[in-house]
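Data first, discussion second: the structure below is written as structure tokens.
The values are calculated or read from the model by the stated rules, or taken from the named source; none is laboratory data. Please read all numbers here as calculations on a predicted model, not as lab measurements. Positions of Cβ are backbone-derived with ideal geometry, glycine not excepted, and every protein chain shown enters the neighbour counts.
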Amino acid sequence: MGVTSRFFQKYLHPMQLLTFALVLALAFVPLMGAVAGNMYQSFVQVSAGEIRLQQLVGTISHLIETLTLSVQMAAVTGDPAWEKRYREVEPGLDQALAEVGVSAREEYGKNYAARTKVAYTEIIEMESLAFALVRAGRAAEASALLSSAEYKQAKSKYFEGIQDLTRGIQERIAREISSLYNRFWLVCILGILVVSALILAWAGVVVLLRKHLAKRRRVEEALAAEKERLAVTLGSIGDGVIATDIHANIVMMNPVAEQLTGWPLADAEGRALEEVFHIINENSRKPCENPVERVLSTGRICGLANHTVLISRDGIERIISDSGAPIKGSDGVVVGAVLVFRDATAQARLEAEVLKAEKLESIGILAGGIAHDFNNILTAILGYLTLARTSLGTQDELFHELREAEKATLRAADLTHQLLTFSKGGAPIKKTVQIDHLLVEWVTFALRGSNVRCEFEFCKRSFAVDVDQGQLSQVVNNLVINADQAMPNGGTISVVTDCVSIEEAEPVVLTPGAYLRISLSDQGVGIEKDLLGRFFDPTATTEKSGAGLGLATSYSIMKRHNGLITVESEIGAGTTFHLYLPASSGVVRVQPDSESVPAPGQGKILLMDDDAIIRDLAQELLVILGYEVHLAVDGREATKSYAAASASGRPFDAVILDLTVPGGMGGKEAIQMLRDQDRNVRAIVSSGYSNDPIMATYQQYGFKGVLVKPYGVQEISEVLRSVLSEGNGGSAHLSAN
């Protein structure tokens, strides 16, 4: 079976072998039928001939006996009537002999003619003579003739011939039957061979069909597995994939493509690509060229133009990027196209935000430079205004005018402080305060000239908080401006403070502990729910013309204060913002009254600043306060002066270092060198701007205090008094705010 199977498998296809077997079977069936029919007819003929010959031989024997009896009766009785009987039977005998001669001509001629015919003639002649004697009345002679030896000898020869004829006929019939049997067995053997060949052919067909079906099943399983892998792969791809035929009709889509287009494959299959993949230009809003048509016409890979927007079935617009490629058959002919695309909305927004951030960074760099130089100028203005005011009595008319000029200068300082939030140097410079009176001041200032009024409700036992007043005022200012714009026809803003405790189980993302919560509510139109989740993103805004940067900046400021800003709103019911600030364990320092006389001091002070106006002003202020002052232009000169003073036995009691010195050593580098000389150096950092967070975390760098520009005589007096009185363990922070 193995050899046969290999033979059939090698040389014949199952369908060819099956066709050959069917043709052979169809040809063999009528052939076998014809042979069987022929054999049956031959057998019937032989059987009928055998019976007929047996009948004829019996008839001949009977007629001969009848003739013999007739002639003997005629001789015995002398009655001539027996001759008549004889003559009546004689033609029947001749006819029977003639029929035997025809049916068995060979046996008849060989046996009967050779042996019997002469004897038969002699018998007829003697019997005719016997009848003649009977007619002549000579019956006794007739009997004698019939009893003669010659008559008996002729009769004996005749019967022997008849017996030989009978045996010859029987032998011939036996030969014919034997021939029929031989032919029958030959046909049977041939039939067996043909049937065997058919069985073998069918066996080969079965084997090959099994192998063919098994191979086909394996191919189908492999194809199914490949389709499954393809489906899984397409389902796992993060990009949308659409395949079309040569007519740009959709034949396949993956789940991402279904999601982005809004069309399930069952609905999209067979449709033209334009019906499902509807793209327009983001800027012109005009339909874009179908990329698949370009692929099918050129046979090359192509991509979408920039600013392409896909409009899904439900109307959602997404910025996409994609590419199309031709699908080619084994002959290299294009049979379709495949389109791969992705949602680039987030990437486009990110690129826009990066561009916006780069612009803001540029603004920040500009703002930082302006703030640095402007704060130096404001420091000089504020200082000289303070000097001028303190030289006058309180009853002098110019005294109050100079005081208003000081306040205007401080407001200008607040403006420069807000500019710093756009720069990298916006780390909060915190100090411990009670915030109630500041909230009143900030909100009232923001609502100046507005038709919106404000109501305040403060917690009776309010927590102190550590804040950068300039930055937090900007947060409150942003929220108040938003609330004011949400009520164009006027209304009421409610500002409420309360002390809360945040536990670990609460959903608010804050470190557990005590917090001061500031709630600012308006009676405006409210905010849509879909905007609330991204309300503090830079792209989110409640203003048609706004860029959303105020809220994003507010969120950033609150995070820098280790706090949080949240929003609650309902359409038509207004909006409430909650500001969470950690409760402070620090002591609230009493802000010195700008109109009070600054406290005098004594000691040797080293002041380093790159601006000559600041050096001259600070020297004059410090001298008025009672200090001995030495000046330095940069950090390198300051470290040399500090080392020389220490070596002379009259070290400096405190050092004031400007943080930023363009082109020279600033306070950050100088404090390291000073601490190498004296671990107990009392250094105060001073700046109106810095790219480093030193102003907010000055203690980590070895400074004992911080003096924020612009500053006046009260601020410099307070910070020096604090640093010198508290010694190495103390720290002081003071600004003109």
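Quick notes
- Considering (1) closer than 26 Å to Lys430 by Cα; (2) assigned by TED's automatic domain parsing to the domain that holds Gly705; (3) polar (S, T, N, Q), the lone condition that Gln619 does not fulfil carries the number (1).
- Taken together, Asp267, Asp322 contain a single residue that is at pLDDT below 85 and acidic (Asp, Glu), which is Asp322.
- Any hit, region 314-321, residues being surrounded by 20 or more Cβ atoms within 10 Å (Cβ to Cβ) and either out of contact with any strand residue (DSSP E or B) (no Cβ under 8 Å at 6 or more places or on another chain) or not basic (Lys, Arg) (or both): yes
- Check on Gly449, modelled with pLDDT under 85, assigned by TED's automatic domain parsing to the domain that holds Ser494 and surrounded by fewer than 16 Cβ atoms within 10 Å (Cβ to Cβ): yes
- Members of region 453-474 found to be out of contact with any Ser or Thr (no Cβ under 7 Å at 6 or more places or on another chain) and aliphatic (A, V, I, L, M), listed by number: Val467, Leu472
- Residues that are among the hydroxyl-bearing types (Ser, Thr, Tyr) and not in a helix (DSSP H, G or I) were ranked within region 122-166; the one that is farthest from Thr66 (Cα to Cα) is Ser148.
- Of everything in region 225-255 that is under 11 Å from the mean Cα position of the chain (by Cα) and of a type in the set (Gly, Ala, Ser), the residue that is surrounded by the most Cβ atoms within 10 Å (Cβ to Cβ) is Gly240.
- The set of residues in region 665-701 being in contact with a Lys or Arg (Cβ under 8 Å, 6 or more places away or on another chain), in a loop (DSSP other than H, G, I, E, B) and at pLDDT 90 or above consists of Met665, Val681, Arg682.
- Identity of the residue in region 602-622, part of a helix (DSSP H, G or I) and free of Cβ contacts under 8 Å to residues at least 60 places away in the same chain, that ends up farthest from Val723 (Cα to Cα): Ala612
- Residue that is nearest to Trp82 (Cα to Cα), among those in region 131-140 that are surrounded by fewer than 16 Cβ atoms within 10 Å (Cβ to Cβ) and of a type outside the set (A, V, I, L, M, F, W, C): Arg135
- Out of Ala599, Ala644, one residue alone is assigned to a helix (DSSP H, G or I) and surrounded by fewer than 16 Cβ atoms within 10 Å (Cβ to Cβ). It is Ala644.
- Looking only at region 665-718, and only at residues there that are basic (Lys, Arg) and in contact (Cβ under 8 Å) with a residue 12 or more places away in the chain, the one that is nearest to Val633 (Cα to Cα): Lys668
- When Arg271, Arg294 are checked against the criterion of being touching a Cys at 6+ places or on another chain (Cβ under 8 Å), at negative phi and either charged (D, E, K, R) or exposed (fewer than 13 other Cβ atoms within 10 Å of the Cβ) (or both), a single residue qualifies: Arg294.
- Among the residues of region 453-481, those identified as assigned to a helix (DSSP H, G or I) and not hydroxyl-bearing (Ser, Thr, Tyr) are Gln469, Gly470, Gln471, Leu472, Gln474, Val475, Val476, Asn477, Asn478, Leu479, Val480, Ile481.
- Which numbered condition Glu351 fails, given (1) surrounded by 13 or more Cβ atoms within 10 Å (Cβ to Cβ); (2) among the acidic types (Asp, Glu); (3) without any contact (Cβ under 8 Å) to a residue 40 or more places away in the chain: (1)
- Considering the conditions (1) of a type in the set (S, T, N, Q); (2) in contact (Cβ under 8 Å) with a residue 60 or more places away in the chain; (3) in a helix (DSSP H, G or I), Thr244 is excluded by exactly one of them, (3).
- Output for region 162-198, where each listed residue is within 60 Å of the chain's Cα centre (by Cα) and in contact (Cβ under 8 Å) with a residue 60 or more places away in the chain: Ala197, Leu198
- Checklist (1) at pLDDT 70 or above; (2) within 17 Å of Gln163 (Cβ to Cβ) applied to Glu83, failing item: (2)
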